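A.B. asks: Structure incoming, see below.
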Amino acid sequence: MVPKIQATTTADSVAPAPPAAPDPAQTMILQMLEETSWANDLDQRNLSLLARYIRVMYADKDVRIFSEGEHEHFLTILADGKIDILKEDTHGDRHVVVTLNRGKTFGELSLMDGGPRSSTAVAKVYSTLLILDEDSFNDMEDQHPALAAKILRVLARLLSQRLRMTSGRLVDHLQ
């Protein structure tokens, strides 16, 4: 004889688990991302996904973020503070190429092409940095390929804008 299946009543059922509480670190990262130009390029859902792959770094004044020639591959979004980007001349002297303010992205070339750093980045003041490293980006490509493609499009646009600006400056020096 096959046993009868009994329907469970509400009293017999187990209540579903409550939704997981948001991770406070990811919430903080998301809030910081919302204050950058990335919020103009990505919708809320994609910003939330991006926050999962980013870590926060704090840098005191004069702390080197990376040096020209190094092979670390990560991009940085400046959540707060100021960063000097320096370039060495043929005599080995470093010169400030640009000072970046809150919301700017830097260091993306090494993430995109895997090559050595083309400049040095130093905190001009105490700064809060959002870091997307190569391993995290690779994980993003595997887990959320559409988001990774959007990130690459944003970076391509950023690099294109910088190339146009540099070309304009170069022409001024050729005349």
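A.B. asks: What are the residues in segment 109-140 that are in a helix (DSSP H, G or I) and under 22 Å from ALA25 (Cβ atoms), if any?
C.D. replies: LEU111, GLU134, ASP135, SER136, PHE137, ASN138, ASP139, MET140 - these are the residues of segment 109-140 that are in a helix (DSSP H, G or I) and under 22 Å from ALA25 (Cβ atoms).
A.B. asks: So, one more: Output the residues belonging to segment 72-95 that are over 17 Å from LEU130 (Cα atoms) and modelled with pLDDT of 95 or more. So that I can check it myself, show each step before the final result.
C.D. replies: We begin by selecting, within segment 72-95, every residue over 17 Å from LEU130 (Cα atoms); these are 86-95.
Once the filter is applied, which keeps residues that are over 17 Å from LEU130 (Cα atoms) and modelled with pLDDT of 95 or more, segment 72-95 yields only LEU86.
A.B. asks: Tally up the residues in segment 36-91 that are free of Cβ contacts under 8 Å to residues at least 60 places away in the same chain, part of a strand (DSSP E or B) and surrounded by 14 or more Cβ atoms within 10 Å (Cβ to Cβ), please.
C.D. replies: Total meeting the criteria: 13.
The values are calculated or read from the model by the stated rules, or taken from the named source; none is laboratory data. Model, not experiment: these values are computed from the prediction. Backbone-built Cβ (ideal geometry, glycine too); neighbour counts: all protein chains shown.
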